[in-house]
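The values are calculated or read from the model by the stated rules, or taken from the named source; none is laboratory data. The structure presented is a predicted model; accordingly, all values stated were derived computationally and were not measured. Cβ coordinates were reconstructed from backbone atoms using ideal geometry, including for glycine residues, and neighbour counts include every protein chain displayed.
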């Protein structure tokens, strides 16, 4: 080959000579991606299936395993594709009889320069790796990170994507994640305070709440979703409004909102059925300037308010 041949002509000539090799490399790369992805999926499934249990709040449930599997599966597929395509690209350059030594050395220098100028990017990837290794959260979890909350729609080593209740999508660089609060890890609580009026038979009120929790736990619709039935844990406080009871129950991860809403609805019905009164806002009669009486609903007025009248 003439050394004075233009570079484009050189590449075209190399393609003509090495076209079959390049085609074989591309086909092999596609097969390698497919096979490697299946192997990664199988290995991850075998490892995570050992941690799956049925109906316990202490270990990873089948739902937790699926969420973690989806996260690792997608991320593992991306890593496999990147490395296979990188190796294929290097092999194709070799098939074209191009000297890739200077190019690799140049990439190394560029990488060092980029590393100094993109430390935040490096921090994102390092923190993303730690999040993955420590299993802080997975796709489908509801979390609070970097001042925003929502369901994890996507996770990569560089960033986490959340969608909140309003449908707003938040993209958070992993380097910004200092504290991760996971609301859907294995199990959650129904944590409800209920205030009853003074004069209420407290033992009766506690009995109504506990019986409702037992009935809900035995309901076929909720039996598998409630791990420990809601019950009165203690008398939480005695206030001006009434007596506050603390109600706690344990449910499967992600069920606290549906189960909590249903429990509150049934609780209102049960209290009304058993004649247990909830506190009402105080009504204060205030004399008006014209001599008539006005009724103010809410908190009692202060002395300054009465003086202004």
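Things worth noting here:
- Being touching a strand residue (DSSP E or B) at 6+ places or on another chain (Cβ under 8 Å) and buried (at least 19 other Cβ atoms within 10 Å of the Cβ) is a property that holds for residue 174.
- When 96, 121, 107 are checked against the criterion of being surrounded by 14 or more Cβ atoms within 10 Å (Cβ to Cβ), more than 17 Å from residue 185 (Cα to Cα) and either at pLDDT below 70 or in contact with a strand residue (DSSP E or B) (Cβ under 6 Å, 6 or more places away or on another chain) (or both), 96 stands alone in meeting it.
- Checklist (1) more than 30 Å from residue 138 (Cα to Cα); (2) modelled with pLDDT under 60 applied to residue 60, failing item: (1)
- Sole residue being assigned to a strand (DSSP E or B) and either modelled with pLDDT under 95 or surrounded by 10 or more Cβ atoms within 10 Å (Cβ to Cβ) (or both), chosen from 231, 280, 264, 224: 231
- Any hit, the stretch 188-204, residues being touching a helix residue (DSSP H, G or I) at 6+ places or on another chain (Cβ under 8 Å) and not in a strand (DSSP E or B): no
- Residue that is exposed (fewer than 12 other Cβ atoms within 10 Å of the Cβ) and modelled with pLDDT of 90 or more, where the choices are 272, 258, 287: 272
- Among residues of the stretch 155-175 being touching a residue at least 40 places away in the same chain (Cβ under 8 Å) and outside any loop (DSSP other than H, G, I, E, B), the one that is farthest from residue 122 (Cα to Cα) is 155.
- Exactly one residue out of 146, 151, 88 is within 22 Å of residue 32 (Cβ to Cβ), at pLDDT 75 or above and surrounded by 14 or more Cβ atoms within 10 Å (Cβ to Cβ), and it is 88.
- Some residue of the stretch 241-249 being farther than 30 Å from residue 126 by Cα, without any contact (Cβ under 8 Å) to a residue 60 or more places away in the chain, part of a loop (DSSP other than H, G, I, E, B) and over 31 Å from the mean Cα position of the chain (by Cα): yes
- Residue 191 meets the conditions (1) modelled with pLDDT under 95; (2) surrounded by 13 or more Cβ atoms within 10 Å (Cβ to Cβ); (3) under 28 Å from residue 143 (Cα atoms) in every case but one. The failed one is (1).
- Residue within the stretch 176-184 that is part of a strand (DSSP E or B) and touching a residue at least 60 places away in the same chain (Cβ under 8 Å) present: no
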